[in-house]
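Notes follow once the structure below has been shown.
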Amino acid sequence: MKFRLRPYQNEAVKRIEEEWKTNSSTMVVLPTGCGKTVMFADVIRRCFPRRALVLAHRKELIYQAREKIQAMTGWRVDIEMGESRADMGCMFGGPRVVVSTIQTQSSGGDGNGRMTRFDPRMFGVLVVDENHHSVSASYKKVINWYKSGNPDIKILGVTATPDRADEEALGQVYDTVAFDYEIEDAINDGWLVPVSQQMVHVEGLDFSSCRTTAGDLNGADLAKVMEQEEILQRVVVPTFEIIGNRSTIVFSASVDHAERMAEMFNRYKPNMAAWVCGETPSDEREKINRGFKNGDIQVVVNCGIYTEGADFPRASVIALARPTKSRSLYAQMAGRGLRPAENIAHELNDHESPEARRALIEASDKPVALLLDFVGNSGKHKLMTSVDILGGKITDEVKALAVKKMKDGGKAMMVDDAIHAAEEEIEEEKQKELARRARLKAKAAFKTTTINPFDCFDVKPVAERGWDKGKKLTDKQAAILRKQGIEPDALPYGQAKQLLNEMFHRWDTGMCSYKQSALLRKRGLPCNVTKEEASRVLDEIASREGWAKR
């Protein structure tokens, strides 16, 4: 099978290789449905003849990794898990890749786990799938085993869903973040389906009594709230009415909650729903999965099963009957509905422009994914919404206003529309305030014009990420910004790097420099022009106004 990497996958691979030149470990963020397994399989292929070890925490991820790596490389891939053991043989006679669960590696055997079966020097590359789990003791134990036994090993962590609370900790495990591709990027680029959200107000739904455990709503407290008969009815009935004939995945707060919701759905339409949990026998779960994939089952209610490693392109509605304070968990649940319709997934690769891909999705059987959130009294809790996973590059002020607009709307609303409306409203208020201040300063003898560097490049500053906390630019990087008149110490690390990357991009593509952009912006002129065009315009202005262009 021949695989062709998508542009963002190619970019991720390139940046990983660059980071590994000066660092031993790096990580990549790719959304659910964007092919992180294919991406790291290509990294492994490029690292030949070095052997690779892939770690994951679920058997579904183990089999998925083996399948993709074998398909892309044609190499032998062995599994180290349970009764399966990798046959290492001699250095060149065994598998080129070993895929293993973290549980197998860290526990069992002599108490140190089966990681002691392996000489760390056997491997040149260690890939940690779903690496947001890397902050746990078991992962640190295994990673340190291979690092201490082989200082030259290169480590790659990949995840779709780093939690904001985990980011700082991840920054302590991994040296750098090579590539961060958010869900909103993938939607804008036409690789994932756009998102609509509907807030369903549920009378009597009250989370104020729920405790917080490990950063999320306490499981037992949440189940007690969601399993109330009146709440069950007020969640299932509007869901049934809203989804129509669309394939739907429902996330429940408990096993009992899942079973009772499925039973209620089937009261309204016999055999429309099934439910699964961790205790569902493998053959029964596979039967339900097949039924859902081929359309025989319209609704699957699951308890903690479909958050990772579940691939259901048919699902176009995600009903979040399990509210959460965790951005990571919310993104995992919502991500199950963002894959494009199966019959166009491969066609997307044949279109070079984002516009063409978005048009293909819009004309498909699945032009949009609908997220259903059930709203009540959240009390002291900040519950996640679609804006939290789609608004990674916007301010908290914009997020709060966008969520309010969706709650007040009472019907399904495209999330990007809510964000844009919030941005426009806040910008309008900002301009009114600036105009008010300008009137107050109208009598001043002179005024100083300060140019925002992000305005000069016509880009929005990125939100500060936890893994960048405490990091500083190198002296050489800081000097580049200072030479352009930008003080790097006044900016968060991530925003300083953003400006540097924009400068390098402009140099590579022949766009005007930062200083040219600043001069153009001061005069209210477009700043996204070529270097030659900027020079011509500025020469004309300098000649007309009699100033020396610098």
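Here are the numbers for the structure shown:
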{"item": "Ranking of Cys277, Cys512 by count of other Cβ atoms within 10 Å, fewest first", "result": "Cys277, Cys512"}
{"item": "Per-residue ³J(HN,Hα) for region 305-322, Karplus 6.51 cos²θ - 1.76 cosθ + 1.60, θ = phi - 60°, Hz, x for Gly and Pro", "result": "9, 9, 6, 9, x, 10, 10, 10, x, 5, 5, 10, 10, 10, 9, 9, 7, 10"}
{"item": "Peptide ranges 179-192, 129-142, 220-233, 313-326 listed from the most packed, as the mean C-beta count within 10 angstrom indicates", "result": "313-326, 179-192, 129-142, 220-233"}
{"item": "Model label zone, Glu230; criterion: amide N under 12 Å from point 7 Å along Cα-to-beta-carbon; scope region 173-210", "result": "203-206"}
{"item": "Cβ-Cβ FRET estimate between Lys531 and Lys380, R0 fixed at 60 Å, reported to 0.05", "result": "0.65"}
{"item": "Contour minus Cα-Cα distance for Glu397 and Asp119 (0.36 nm per residue)", "result": "94.9 nm"}
{"item": "Estimated [θ] at 222 nm from DSSP helical runs (n ≥ 4, -39500 (n - 2.57)) normalised by residues in the chain, nearest 500", "result": "-13500 deg cm²/dmol"}
{"item": "Residue pairs, from the table Lys59/Lys287; Lys14/Lys36; Lys269/Lys411, whose Cα atoms sit over 22 Å apart", "result": "Lys269/Lys411"}
{"item": "Cα-based shape type of the chain, given that a ≥ b ≥ c are square roots of the gyration tensor eigenvalues and the cut on a/c is 1.5", "result": "oblate"}
{"item": "Proxy reagent accessibility, fewest Cβ within 10 Å first, across Ile394, Ile305", "result": "Ile394, Ile305"}
{"item": "Ranked by how many other beta carbons lie within 10 Å on average, peptides 524-535, 364-375, 417-428 from highest", "result": "364-375, 417-428, 524-535"}
{"item": "Cα gyration tensor shape of region 7-181, rounded if a/c is under 1.5, else prolate or oblate by comparing a/b with b/c", "result": "rounded"}
{"item": "Which listed pairs, of Lys460/Lys522; Lys21/Lys476; Lys382/Lys472, have C-alpha distances above 20 Å, in listed order", "result": "Lys382/Lys472"}
{"item": "Distance (nanometres) between label positions extended 7 Å along Cα→Cβ at Trp507 and Ala542", "result": "2.1"}
{"item": "Fully extended contour minus Cα-Cα distance, from Glu263 to Arg4, at 0.36 nm per residue", "result": "88.8 nm"}
{"item": "5 angstrom amide H check on Ala341, placed H, neighbours 5+ away", "result": "Lys366"}
{"item": "Taking Val29, Val202 and counting other C-beta atoms within 10 Å, the order from fewest to most", "result": "Val202, Val29"}
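Just so you know, all these numbers are worked out from the coordinates, no wet-lab data involved. Remember, it's a predicted structure, so these values are computed and weren't measured experimentally. Glycine gets a Cβ as well: all are built from the backbone with ideal geometry, and neighbour counts include every protein chain shown.
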